[in-house]
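Structure first, then comments.
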Amino acid sequence: MKGSTADIVICGAGIAGVSAAYHLAVRHRVKNIVLIDERPPLTLTSDKGTQAYRNWWPGPDDTMVRFMNRGIDLLEELADECGNLFDLNRRGYVFLTADTRNAAELERHAQAVSAFGAGPVRVHKGLEDYPPSPPRGFQGQPTGADIVLDAATILRHFPFITEDVVAMTHVRRCGWLDSMRLGGWLLENAEAHGVRLVRDRVEAVRTVGGRVQTILLQSGGLLDASNLVIAAGPLLKQVGAMLGLDVPVVNELHGKITFRDSLGVVPCSAPMMIWNDTVRLKWTDSERVNLKAREDSTFLLDEFPAGVHFRPRGNGERCELLLIWTYETKSWEEPVWPPVYPRYYAQVCLRGLSRMIPGLSAYFGHESEGVVDGGYYCKARDNRPVIGPLPVEGAHAIAALSGYGVMASQAAAELLAAHIVGGPLPNYADAFLFARFDDPEYQTMLKRLDALSGQL
Ligand SMILES: Cc1cc2nc3c(=O)[nH]c(=O)nc-3n(C[C@H](O)[C@H](O)[C@H](O)COP(=O)(O)OP(=O)(O)OC[C@H]3O[C@@H](n4cnc5c(N)ncnc54)[C@H](O)[C@@H]3O)c2cc1C
């Protein structure tokens, strides 16, 4: 690598960097691209999530819905091209409530998101059924959302759910995929089109006259390059600093538990399911006494926020549940590895989810059998990504992909490539520019936007 040259160096081979390499090399035939990562591809954050996708994003405007719709169009196109190697499904996201006041809110929220272009809302009051989602495949499915306001219909489709459920929204242009297989296929194609994958660490970037000129590697190698793409995931801030930039992002810790459902409480064909009400965890009287006695565990008796959710993985006897509940948010500018999760995380998730699926109480006391892992959502304050040129000439970013980097990977990489090759830009491009951080209007917009906007 000593003294070599590249037209484009991509720093980071997570789903963002690999997708960028694919779009540039395969779709735009750009030659001489070097993709650098200090780790094996896709192993820092991109393999740690639930790998789910949705076109269901709140406002204040339709930016995220348009961006995600485009991303899903591209995922579907790729799935068709590779015979759905990465198992894209369309099971949907199901939001449930046992609170009649929340039922009205589900409907109001659905109408608002629908108005942004996420598809029509169909309300079912019990007289007619609604079409369930198939466990596999993604073709020929409705968009928008089905709201079901009849408990009997909900329980007919999902008999493992608590009987006091009153309403649900089944959002339809959603599902999940295998991000390792998607990333592996993209990388294979990019390499077949000349992309060189190099295992090394970008240590520094030399600029001359305000332009990217040389990339310095940990191995001592030097790479002359006119373009650098930062796809460094939670290390965005550190790599940005190599260009003298202070990228205004933080890293928010998110964990998940992978729990084997050996008793078959939940069918493995279930969709992603989210409990939309606040929860008090179930404890026995003696457990309550013990929890009260310790300062670090009294919070377990408090009310927890809405949002505990899961999706199944695998099939038959090997069915696992991936459980997530970000009931508290912690952020760092410099992420810490390995991430440290709250001591009671597994217990809180399992007990929280048992509010929605009472049968899970059979696993109380076995929480430690679940595997806890996760990573960081690298986020700007508006919870929107940073895609496009940076203030140093030749430098670009495809980053700050928060909790949606897998689902957004293709729209993000298409947009990045359009910036680099000078192609037409979609109408959401400006919302993701680094330049927005210096725009006084951005500060005004932050008042309307929330860093947790659209986050599960
Ligand atoms: C618990 C959890 C659940 C999630 N669920 C979902 C979900 O359901 N759907 C979804 O779409 N998204 C989800 N996400 C978010 C998604 O996983 C991320 O947005 C996405 O993986 C970010 O990809 P990336 O390529 O930007 O970063 P990463 O995957 O972190 O890749 C960055 C790469 O850059 C490399 N790198 C950094 N600095 C350097 C350097 N100096 N030199 C060389 N290499 C460097 C790193 O080694 C790393 O491999 C979830 C995340 C978590 C943690």
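All of the numbers you see were taken from the coordinates with simple rules; none came from a lab. What you see is a predicted model, and the numbers here were worked out from it, not measured in a lab. Note that each Cβ is placed from the backbone with ideal geometry, even for glycine, and that neighbours are counted across all protein chains shown.
Compute the Cα gyration tensor for segment 88-164, then decide on rounded, prolate or oblate, letting a ≥ b ≥ c be the square roots of its eigenvalues: rounded whenever a/c is under 1.5, prolate when a/b is larger than b/c in the other cases, and oblate in all that remain. Judged from the Cα gyration tensor, segment 88-164 comes out oblate (a/c at least 1.5, b/c at or above a/b).
Structural descriptor for segment 59-165: relative contact order 30 percent, calculated from alpha carbon pairs under 8 angstrom and at least 6 residues apart.
In a fully extended conformation the segment linking GLU334 and THR43 would gain 102.9 nm over its present Cα-Cα distance, using 0.36 nm per residue.
Using the Karplus relation 6.51 cos²θ - 1.76 cosθ + 1.60 with θ = phi - 60°, the per-residue 3J(HN,Hα) values for segment 150-160 come to 9, 4, 4, 5, 4, 6, 5, 7, 10, x, 8 Hz, with x marking Gly and Pro.
Taken about its Cα centre, the chain carries a charge dipole of roughly 260 debye when the Cβ of each Lys and Arg holds +1 and the Cβ of each Asp and Glu holds -1. For the chain, the residue among ALA104, SER226, LEU88 whose Cα projects farthest onto the positive side of the dipole built from Cβ charges is SER226. Scoring 326-337, 183-194 by mean Cβ neighbours within 10 Å over their residues and listing the highest first yields 183-194, 326-337. Summary of packing: across the peptides 172-179, 428-435, 8-15, the per-residue average of other C-beta atoms within 10 Å ranks them, highest first, as 8-15, 172-179, 428-435. Taking all Cα pairs closer than 8 Å and separated by 6 or more residues, the relative contact order of the chain comes to 22 percent. For segment 131-139, the Karplus equation 6.51 cos²θ - 1.76 cosθ + 1.60, evaluated at θ = phi - 60°, returns couplings of x, x, 8, x, x, 10, x, 9, 7 Hz by residue, with Gly and Pro reported as x. Here segment 255-380 is assigned +1 on the Cβ of each Lys and Arg and -1 on the Cβ of each Asp and Glu. Its dipole about the Cα centre then comes out at about 220 debye. As a calculated quantity, the FRET efficiency between THR100 and ASP224 at R0 = 51 Å, using C-beta atoms, amounts to about 0.20. Placing a label point 7 Å from the Cα of ALA362 along the Cα-to-Cβ direction, the residues of segment 283-314 whose backbone N falls under 17 Å of that point are 312-313.
Of the peptides 197-208, 223-234, the ranking by mean beta-carbon count within 10 Å, highest at the top, reads 223-234, 197-208. In summary, the lysines within cross-link reach of LYS292, defined as a Cα separation below 28 angstrom excluding same-chain residues under 8 places away, comprise LYS256, LYS282, LYS330. Here is the result for segment 259-304: no GluC sites (Glu not before Pro) lie in DSSP coil with at most 11 other C-beta atoms within 10 angstrom of their C-beta. For segment 289-359, the relative contact order is 24 percent, taking Cα pairs closer than 8 Å that sit 6 or more residues apart in sequence and dividing their mean separation by the residue count. Unpaired cysteine residues in the chain (no second Cys Cβ under 4.7 Å): CYS11, CYS82, CYS174, CYS349, CYS378.
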